[in-house]
Amino acid sequence: MGARRRRGAGHELRRVVLDATAALLSETGDVAALTMRAVATTAGVTAPSVYRHFPDKQSLVRAVIGDRFAAFTTILTTARDGAHGADGRLTAMAHAYVRAGLDDPGTYRVLFGATGAGPAGLGITADGEHPGAASFRTLLNAVGGCLASEINVDSEINVDSEINVDSEILELAVELWASLHGVVDLRITKPEMPWPDPAALVEHTLGPVRAASAGPRR
């Protein structure tokens, strides 16, 4: 009982529950296998304590995914802010993306691969911003910077809305994101394959943006 009392209450307890859930998902990468009882046990609290902050598993997973996406965005922005020049900033972000995914494959699979963690599973409506939007905005702005375009996407990116950005920048950003995701996901799901060095692959994924920045805009 003493250990449970030390967990505190209010925001402190909520943080403990979020961290416990994140740890479980990092270990398993499986949203479906997560139980509220396991979360309570890992957090060192009673199950009713968890339910006081999160009425059901869906709300808990939604909160954790939002929290982990925020941490992922911080990884990208920290890498960006430590580099110089538009190409240097985007390159640093791309390498940070892949390192983050490979360093914590369980969390990465929950953020990007869990079927139950999509917009419907998260309870996100068409007018609600997706939890990964800030990460994508960061990448989108960096790609725009490489093409000498003074864009700054800071509006909400909703589930079903169009993104009001130059089409070439948007397409290049989506292509880069998909390529980086492929580098991470293939190494996670098919570790037995003799994949090339991930850092070398990251450099290849940056090719289209670099080619576009060196040539005339379409």
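The values are calculated or read from the model by the stated rules, or taken from the named source; none is laboratory data. Keep in mind it's a predicted model, so treat the numbers as computed, not measured. Positions of Cβ are generated from backbone atoms using ideal geometry, with glycine treated the same way; all protein chains shown enter the neighbour counts.
As a summary of the residue check, Ser135 satisfies the conditions (1) in a loop (DSSP other than H, G, I, E, B); (2) at pLDDT 90 or above; (3) small (Gly, Ala, Ser) except for the one numbered (1).
For every residue, the table says whether it meets (1) in contact (Cβ under 8 Å) with a residue 24 or more places away in the chain; (2) more than 20 Å from Pro105 (Cα to Cα); (3) exposed (fewer than 15 other Cβ atoms within 10 Å of the Cβ); (4) in the same structural domain as Ala133 (by TED's automatic domain parsing).
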| position | (1), (2), (3), (4) |
| --- | --- |
| Thr21 | yes, no, no, no |
| Ser26 | yes, no, no, no |
| Val45 | yes, yes, no, no |
| Val50 | yes, yes, no, no |
| Phe69 | yes, no, no, yes |
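The requirement of being within 26 Å of Arg210 (Cβ to Cβ) and charged (D, E, K, R) is satisfied by Asp81. Surrounded by fewer than 18 Cβ atoms within 10 Å (Cβ to Cβ) and assigned by TED's automatic domain parsing to the domain that holds His204: does that describe Asp103? Taking the combined requirement at face value, the residue satisfies it.
Pairing each residue of the range 157-177 that is within 18 Å of Gly132 (Cβ to Cβ) with any residue that is at pLDDT 90 or above and part of a loop (DSSP other than H, G, I, E, B), provided the two are 6+ apart or on different chains, yields C-beta distances under 9 Å for Leu176/Leu206.
From the list Ile169, Ile151, Ile163, Ile124, the one residue that fits, being at pLDDT 70 or above, β-branched (Val, Ile, Thr) and more than 25 Å from Arg187 (Cβ to Cβ), is Ile169. Exactly one condition in (1) farther than 30 Å from Leu206 by Cβ; (2) assigned by TED's automatic domain parsing to the domain that holds Arg109 is not met by Ala79; state its number. Of the numbered conditions (1) farther than 30 Å from Leu206 by Cβ; (2) assigned by TED's automatic domain parsing to the domain that holds Arg109, the odd one out for Ala79 is (1).
Given the criterion farther than 22 Å from Glu168 by Cα and modelled with pLDDT of 90 or more, identify the matching residue among Gly113, Gly82.
Exactly one of Gly113, Gly82 is farther than 22 Å from Glu168 by Cα and modelled with pLDDT of 90 or more, namely Gly82.
The set of residues in the range 183-195 that are surrounded by 10 or more Cβ atoms within 10 Å (Cβ to Cβ), out of contact with any Leu (no Cβ under 8 Å at 6 or more places or on another chain) and not charged (D, E, K, R) comprises Leu186, Thr189.
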